[in-house]
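Heads up: the structure comes next, in structure tokens.
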Amino acid sequence: MISDHQNSFPHTGSVKTILTRSVITVLVWTLLLSLAVWWNVRVAYQQAFELARTQAEIALAKDLAFRKWASKRGGIYMEQGPLVSPSPFLNHVPDRDLETTGGVQLTLKNPAMIMNEITREAPQFYGINTRITSRLYINPVDAPDEWERTALFIVEGTRETYYTATLIDGKPHLRMMQPMIMEQSCIKCHAWTGIKVGELRGGTDVSIPLAPFYAAAGKQARGVAASHGAIWLLGLVSIGFITRRTMIVEVERSHQEAQLKEKNLELQDSKQYLLTIIEFLPDATLIIDNSGRVVGWNRELTRLTGVAPESMIGRGGLEYAIPFYGHRRPLLIDLALNPAVDSEGRYEGFVRNGDIVQGECYAPRLGAAPAHLTSSASLLRNSKGEVIGAIECIRDTTEQMKTQKRIKLLAKIFNESGEAIVITDSENRIIETNKAFTQFTGYSHEEALGKNPRVLKSGIEDKKFYENMWRSILETNYWQGEIWDKRKDGTLYPKWLTITAIRDPDNTITNYFATFSDITLRKEAEKRIEQLAHTDTLTSLPNRHTLVERLTQALEQAKRGEHMLAVLFVDLDRFKMINDTLGHHVGDLLLMEVASRLKGSLRAEDVVARFGGDEFVVVQPRIRSQVEPAHLAEKILKTVAAPYFLDNNTVYTSPSIGISVFPSDGMTVAELFKNADAAMYHAKAAGRNTYQMFTSEMHTAARQRLAIENSLRSAVANDQFVLHYQPQVEPASGRLVGLEALVRWQNPDDGLVFPDRFIPVAEETGLILEIGRHVFEKACQQAVRWREAGLPPVKIAVNLSARQLRQPDLPEMLSEIMKNCGADPGMIELEVTESMTMERPVESVRILGALKAMGIGLAIDDFGTGYSSLSYLKLFPVDKLKIDRSFVKDIEVDPDDAAIASATIAMAHTLGKKVVAEGVETEAQLEFLVRHGCDIIQGYLFSKPLSAEDAELYQAKLAERTV
């Protein structure tokens, strides 16, 4: 449907065209009349000029006639009188003056003089001025003016009359000059010039005023303009009338023409749309008329056949089949146009449905191999239903056929694959599975669709496992590995899984492709093989090969971690006798039961293996002291020596145990085995049912440590610990500023035991927690007693152990103790070692911060002996740094110790912390520390550690001395 705007467009265009033409006509009409007026005016002025020129010629002719008449008569003698006097310019003429017989005086006047006098005396003759001029003159009046000089030059050259229009006194004049020839009659007056008869001697010129002539011409021009103006107006009226009439007729014609054009445009647009659609159809399209001639051959058909449209349009006689088959034969379009044409064997799946026919065939000429074509053809009819031709759409489906075959093959491979296949979308929702998926998981294809594969999650793998898996998928588009899954029925099974991320050209993940297989049987086989290779078949313990591997790994870890490791050789006493008397069957049962008891005696990280025969080896991969393997040996002795009830027999045996410790007893597996074996034989030699360390010294030390441990437990229970206090003095003032509480063990048998003998054992066994609690409680109680005794307030410094600092509830526990004792937090200062804080620096910062917030003072003990980080040091809320006694000892003789001490003091002050130097014993040490700004001194120079009573006396004396 054409819009109203389009419908009115031709009318508007026609009217504009008519108006444009009318305007052009008016302009042309105006131009023509303007030209006519201009021409007539021009002619009028030219005629006026010609009249003036004619008058000038007449004037010159008269002048010439007069001159010739006067010259032929020898001039004119005039009677002298008032108006006539002899001319001084004719003095050279002999007979200038004559006297008549009557006595009248006459004087000669030549024509030039006469004309000059006439012009002067009669200027009223229409302003006409005629005179003679020459380059050679007698009378200055005859001297040529500027125009005359130019005219003389021209006349002398051409010997013809010269005239031009010029201005005289600002008014237009016509000036004309004609040549003047020397004649015989002129010789009388002008012989002096030397000009011969017949030669040019000057010119006669005349000036005619043009104003009267131009006035007449102007009057004539006005008449012409008025008449032509009337004609112009009449023409405009006529043009306007004709234009209006033409517009009316044109509008009517345009309206009719627009309607016709609208219909034609609709038809043309429809045809163009159709042709464009056909041209750009993805199918090769052929159109023929009802006579079988080609009328349409689109670009896709050109691409398919390699034949240009120009070569085929208008062709008939089935010639369009040659590019497909190499010879003329009917195409599907011919079968549509003529149903009588035989279609048998020409097309596969041939179908006719009214005017439309469809079919498939192979075209041998479209490539190296026959191309598979799918075609549809239809009759074309006009509005009357008459057949005017046919159209065929041809599609090369060769690749599609190949793709379909490939898809079918891939689909079969996908579905019949022995591995389960899962495809998900970008949101990891399942969109496709195969048969094996159902077999492995129990979920049907329909049940799995839309689900997330996490429904198969077993729960065995932790969050970290899946994070690593997805990181690999997202970064490398691939992950492969073993994973446990859960079937629909809830059973778990291992599988080997491969996941691939599929990305589009924009690198966006569109799908995930996963394949997996059930590896249960493989895992069982591997497990069995692993078991056979690494375990003892009788006891199911690791065999010697596995033991060596694990011990090698444990040794490497011990070397890197710088910790100890123990190897225990366990040999059964009298096993050969049991085996020989009760039989190998009972011997095997005994070995199995011993293996079970050994496993039950160990920690999770310990290893027990059957070394061979009746020998077992136990490995403790991490120990803190030689006491631990001794403890374990005692436990094994009790466990293994208990009676066995085997096959209706009560059997007794005992173990002999040899112990070697890394690194003191060996650095390699072989050395540790050899030394443990040697120690085991020493145990047998000592009477069996016992254990021996590799050396007597180590054995003795282990026994002593074990005795200390047992005694420590009794000491804790019986409160055998006492505190001694060592003063801390401010050297500048001598004022007591603190006391360090030092624990001592009051052993009933050994007397006073110093901490270096029992604290390491307490740390290893964990007894340090109870000992530390007792120490802190005693320090708080003592601080309260001294306060009640009226002594000056002094902080008591208490050492914390590493185990205590690791207690998360340490601040709460200490707060409870101080509350029960009535002590203020300001009375107490806690000392922690540098290495202790760096074991867990973040947790240390938290706990120390909580203690500081309670009001307890904090100090870092043994500063400089550890590996503290300055970045953490500034975060620790400590008040003091204590320089270790190892740096103070040789401070006056060792430059390194002196440098460390001075640097520590400077750094502490920079961080806003005070410095305590412990172990000060000489005046030289004191002098050095004071000189470098040390704040507090502790050591034997001032006082050794004192009992509570002595410390109280020390404070009292110091207070009196201060007063």
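The values are calculated or read from the model by the stated rules, or taken from the named source; none is laboratory data. Model, not experiment: these values are computed from the prediction. Here the Cβ positions follow ideal geometry from the backbone for every residue, glycine too, while neighbour counts run over all protein chains shown.
What the table shows:
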quantity	calculated
Candidates 388, 394, filtered to the one that is surrounded by 20 or more Cβ atoms within 10 Å (Cβ to Cβ) and within 27 Å of residue 275 (Cβ to Cβ)	394
Within region 815-838, considering residues that are within 15 Å of residue 863 (Cα to Cα) and charged (D, E, K, R), the one modelled with the lowest pLDDT	834
Meets criteria (of a type outside the set (D, E, K, R), in contact with an Asp or Glu (Cβ under 7 Å, 6 or more places away or on another chain) and assigned to a strand (DSSP E or B)) for residue 692	no
Scan of region 395-431 for residues that are in a strand (DSSP E or B) and either at pLDDT 90 or above or of a type in the set (Ser, Thr, Tyr) (or both), ordered by number	420, 421, 422, 423, 424, 425, 430, 431
Candidate set: region 89-109, residues that are surrounded by fewer than 15 Cβ atoms within 10 Å (Cβ to Cβ) and β-branched (Val, Ile, Thr); chosen: the one farthest from residue 189 (Cα to Cα)	101
Out of 791, 752, 739, sole residue that is free of Cβ contacts under 8 Å to residues at least 60 places away in the same chain and either within 17 Å of residue 947 (Cβ to Cβ) or in a strand (DSSP E or B) (or both)	752
Subset of region 266-295 (residues that are in the same structural domain as residue 390 (by TED's automatic domain parsing) and modelled with pLDDT under 80)	none
Unmet requirement for residue 135, which otherwise passes all of (1) touching a residue at least 40 places away in the same chain (Cβ under 8 Å); (2) closer than 21 Å to residue 61 by Cβ; (3) surrounded by 15 or more Cβ atoms within 10 Å (Cβ to Cβ)	(2)
One residue from 747, 675, 689, 710 being surrounded by 14 or more Cβ atoms within 10 Å (Cβ to Cβ), on the phi < 0 side of the Ramachandran plot, polar (S, T, N, Q) and not assigned by TED's automatic domain parsing to the domain that holds residue 856	675
Tally, over region 447-470, of residues that are in a helix (DSSP H, G or I) and not acidic (Asp, Glu)	12
Exclusive hit being outside the structural domain of residue 612 (by TED's automatic domain parsing), touching a residue at least 60 places away in the same chain (Cβ under 8 Å), loosely packed, with under 14 Cβ neighbours inside 10 Å and more than 50 Å from the chain's Cα centre (by Cα), set 546, 552, 537	552
Test: residue in region 620-634 that is in a strand (DSSP E or B) and over 16 Å from residue 679 (Cβ atoms)	yes
Exclusive hit being surrounded by 18 or more Cβ atoms within 10 Å (Cβ to Cβ), more than 30 Å from residue 634 (Cα to Cα) and either at pLDDT below 90 or not assigned by TED's automatic domain parsing to the domain that holds residue 923 (or both), set 805, 739, 723	805
Hey, residue 823 surrounded by 15 or more Cβ atoms within 10 Å (Cβ to Cβ), part of a helix (DSSP H, G or I), more than 60 Å from the chain's Cα centre (by Cα) and assigned by TED's automatic domain parsing to the domain that holds residue 854 or not	no
Residue in region 163-185 that is touching a Gly at 6+ places or on another chain (Cβ under 9 Å) and without any contact (Cβ under 8 Å) to a residue 24 or more places away in the chain present	yes
Members of region 203-247 that are farther than 29 Å from residue 22 by Cα and among the basic types (Lys, Arg)	219
Test: residue 324 is touching a strand residue (DSSP E or B) at 6+ places or on another chain (Cβ under 6 Å) and of a type in the set (Phe, Trp, Tyr)	yes
Flag if residue 847 is crowded, with 21+ Cβ neighbours inside 10 Å and over 30 Å from residue 955 (Cβ atoms)	yes
Selection count, region 357-383, where residues are at pLDDT 85 or above and out of contact with any helix residue (DSSP H, G or I) (no Cβ under 7 Å at 6 or more places or on another chain)	11
Single condition residue 240 does not satisfy, out of (1) surrounded by 18 or more Cβ atoms within 10 Å (Cβ to Cβ); (2) assigned to a helix (DSSP H, G or I); (3) of a type in the set (Gly, Ala, Ser); (4) touching a Ser or Thr at 6+ places or on another chain (Cβ under 9 Å)	(1)
Tabulated pairs, region 634-646, first in the same structural domain as residue 569 (by TED's automatic domain parsing) and without any contact (Cβ under 8 Å) to a residue 24 or more places away in the chain, second surrounded by 14 or more Cβ atoms within 10 Å (Cβ to Cβ) and in a strand (DSSP E or B), C-beta under 8 angstrom, 6+ apart or interchain	643/651; 645/651
Leading residue by the ranking (nearest to residue 518 (Cα to Cα)) among those in region 382-394 that are assigned to a loop (DSSP other than H, G, I, E, B) and charged (D, E, K, R)	386
Condition broken by residue 667, with the remaining ones in (1) more than 14 Å from residue 565 (Cα to Cα); (2) surrounded by fewer than 21 Cβ atoms within 10 Å (Cβ to Cβ); (3) at pLDDT 90 or above satisfied	(1)
Top-ranked residue of region 370-383 - restricted to ones that are farther than 11 Å from residue 395 by Cα and in contact (Cβ under 8 Å) with a residue 12 or more places away in the chain, ranked as surrounded by the most Cβ atoms within 10 Å (Cβ to Cβ)	377
Per-region count, region 456-493, residues under 18 Å from residue 509 (Cβ atoms) and touching a residue at least 12 places away in the same chain (Cβ under 8 Å)	7
Residues located in region 940-959, provided they are over 20 Å from residue 722 (Cα atoms) and either surrounded by 14 or more Cβ atoms within 10 Å (Cβ to Cβ) or not assigned by TED's automatic domain parsing to the domain that holds residue 730 (or both)	941, 942, 956, 958, 959
Condition check for residue 610: basic (Lys, Arg) and crowded, with 17+ Cβ neighbours inside 10 Å	yes
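Residue-wise test of (1) surrounded by fewer than 22 Cβ atoms within 10 Å (Cβ to Cβ); (2) at pLDDT 85 or above; (3) under 48 Å from the mean Cα position of the chain (by Cα); (4) of a type in the set (Gly, Ala, Ser).
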| site | (1), (2), (3), (4) |
| --- | --- |
| 798 | no, yes, no, no |
| 809 | yes, yes, no, no |
| 813 | yes, yes, no, no |
| 860 | no, yes, no, no |
| 871 | yes, no, yes, yes |
